[in-house]
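Reading through the structure tokens given below for one structure.
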Amino acid sequence: MIDKINSLKETISSLTASSEEQVEALRIKYLSKKGEVSQLFNDFRSVPADQKKAMGQALNELKNLATDKINSLREQLAVKDDIDETIDLTRTPAVMPLGSRHPLSIVKEEIISIFSRLGFTVAEGPEIEDDWHVFSSLNFAADHPARDMQDTFFIGRNPDVLLRTHTSSVQSRVMEHTQPPIRIICPGRVYRNEAISARAHCFFHQVEALYVDENVSFADLKQTLLYFAREMFGPETKIRLRPSYFPFTEPSAEMDISCNLCGGKGCSFCKHTGWVEILGCGMVDPNVLDSCGIDSKKYNGFALGMGVERITNLKYQVKDLRMFSENDRRFLLQFQSAH
Ligand code: DAH
């Protein structure tokens, strides 16, 4: 009997099957009630008592071996069913094309990163705004031309629902619910009713910065601007401030940087002046602080605002504003290594 068990062990170990039906046939052949293994269990009754222990062990091993074998044949078939044999799993995969970030996002992130090193944190506000946050709270007179239909997109007939024309609206939103010290940077999209051309678009992007605290000086503003210009355009960059006017700052200025193409010597890009304009700024008008619930006798501050497209043009010499919103892959792929 032991010989029979051993030879069955060998046979069963080397069994193969290529279909469910074959596995089932093998199960019946060996493990069903009348199967060969079960038959041996019947013969076991006539084994002499002194051999029963060894024989019983051998028989159990055989039964376990047969059960495991049948199960594993079944599993192999199930796995085989899942594999599409037309696919070569050993082939090297196709290289995934590398995407690129939009140039405006790259530059926006860089501006945020420079200001965050000075302790500014990002604040955002809605693109659909009301008159108060875009104009009135920022000291725009009722008849200021910027409110005009020519410039502002109104939504529907309600003159109080409009698309923000600048991110300065986020200043007043933050000041309404925060007391100084305030140090925020507000990136976002803005809209103006302009004919689309290489030099103008009906939407573009701005970054606004606002600092309000006790004893903020114009020197603080100037030093912040110099730091920004040098971080953004290189350590040799010079800045100059020209007097200007904005309703929400007094005094106001526009900042030029030394032309980053010719280094200030004069070229066609800077119209041979050696300087290019990059942003507007000034000391926050006390009327704006008071409108937003901040005591203008105790606090003062500075603000500045810049166009992200403008800075991007300077960094990458993009000559046509429309490129930023056309999603032309040939344009976008040029910025793959820029971040
Ligand atoms: N809001 C201005 C614009 O859209 C830009 C600006 C100028 C923002 C001066 C400021 C500032 O905060 O102080 O043209």
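So if we plug the beta-carbon distance of residue 18 and residue 328 into 1/(1 + (r/R0)^6) with R0 = 51 Å, what FRET efficiency do we get, rounded to 0.05?
Details: r = 55 Å, r/R0 = 1.09.
Here the calculated transfer efficiency is 0.40.
Work out the length of the dipole vector of the chain about its Cα centre, built from +1 on the beta-carbon of each Lys and Arg and -1 on the beta-carbon of each Asp and Glu, and round it to the nearest 20 debye. Please list the in-between numbers first.
Working: 40 positive and 46 negative charges, 209 e Å.
Charge dipole, the chain, about its Cα centre: 1000 debye, nearest 20.
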Discussion item. Between segment 49-70 and segment 266-291, what is the separation of their alpha carbon centroids in Å?
Written reply: 93 Å
Practice prompt. Over segment 244-339, calculate the relative contact order: mean separation of alpha carbon pairs under 8 Å at least 6 apart, over the residue count, as a percent.
Written response: 21 percent
Fill in: Cysteines, the chain, no other Cys beta-carbon under 4.7 Å
186, 202, 281, 292
Worksheet item: Counting pairs of alpha carbon atoms under 8 Å apart in space and at least six apart in sequence, what relative contact order in percent does the chain give?
Response: 16 percent
Response to the item:
Once the in-chain neighbours fewer than 8 apart are removed, the aspartates and glutamates whose Cα is under 20 Å from residue 29 read 3, 10, 20, 21, 43, 61, 68, 75
Discussion item. I'd like the Karplus ³J(HN,Hα) series for segment 317-323: coefficients 6.51, -1.76, 1.60, θ = phi - 60°, whole numbers in Hz, and an x wherever there's a Gly or Pro.
Written reply: 6, 7, 8, 10, 4, 5, 4
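Please arrange 270, 186, 262 by how many other C-beta atoms lie within 10 Å of their C-beta, fewest to most.
Working: 270 20, 186 25, 262 14.
By the 10 Å Cβ count, ascending, the order reads 262, 270, 186.
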Worksheet, complete the sentence: Using alpha-carbon coordinates alone, the radius of gyration and Dmax of segment 94-233 in Å work out to 17.4, 62
Discussion item. Only four residue types carry charge here, +1 at the Cβ of Lys and Arg and -1 at the Cβ of Asp and Glu. Report the dipole size of segment 1-160 about the Cα centre in Debye, rounded to the nearest 20.
Written reply: 1760 debye
Fill in: Per-residue HN-Hα couplings for segment 295-300 [Karplus 6.51, -1.76, 1.60; θ = phi - 60°; Hz; x = Gly/Pro]
5, 6, 7, 9, 10, 8
Worksheet item: Under a GNM of the chain (C-alpha, springs under 10 Å), which listed residue has the highest mean-square fluctuation: 245, 191, 30?
Response: 30
Worksheet, complete the sentence: Rounded to two decimals, the Debye log10 I(q)/I(0) of segment 182-339 (Cα scatterers, no solvent) at q = 0.13 Å⁻¹ is -0.71
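How would 124, 21 line up from fewest to most surrounding beta-carbon atoms within 10 angstrom?
Working: 124 13, 21 9.
Placing the least packed residue first, the sequence is 21, 124.
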Practice prompt. Determine the sum of side-chain charges near residue 202: Lys and Arg each +1, Asp and Glu each -1, restricted to other residues whose C-beta is under 12 angstrom from that of residue 202.
Written response: +1
Worksheet item: In whole Å, what is the distance between the alpha-carbon centres of segment 299-339 and segment 74-135?
Response: 19 Å
Worksheet, complete the sentence: Listed with the fewest Cβ neighbours within 10 Å leading, 55, 96, 149 appear as 96, 149, 55
Worksheet, complete the sentence: Here, segment 1-93 modelled as identical Cα point scatterers in vacuum has Debye log10 I(q)/I(0) at q = 0.12, 0.24 Å⁻¹ of -0.48, -1.18
Discussion item. Treating only the Cα positions of the chain as identical point scatterers, give the base-10 log of I(q)/I(0) from the Debye formula at each q in 0.07, 0.15 Å⁻¹.
Written reply: -0.49, -1.23
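Since every read-out is calculated from the coordinates, none of them should be taken as a lab result. All figures in this text were calculated on a predicted structure; none of them were measured in a lab. All Cβ positions, glycine included, derive from the backbone under ideal geometry; neighbour counts span all protein chains shown.
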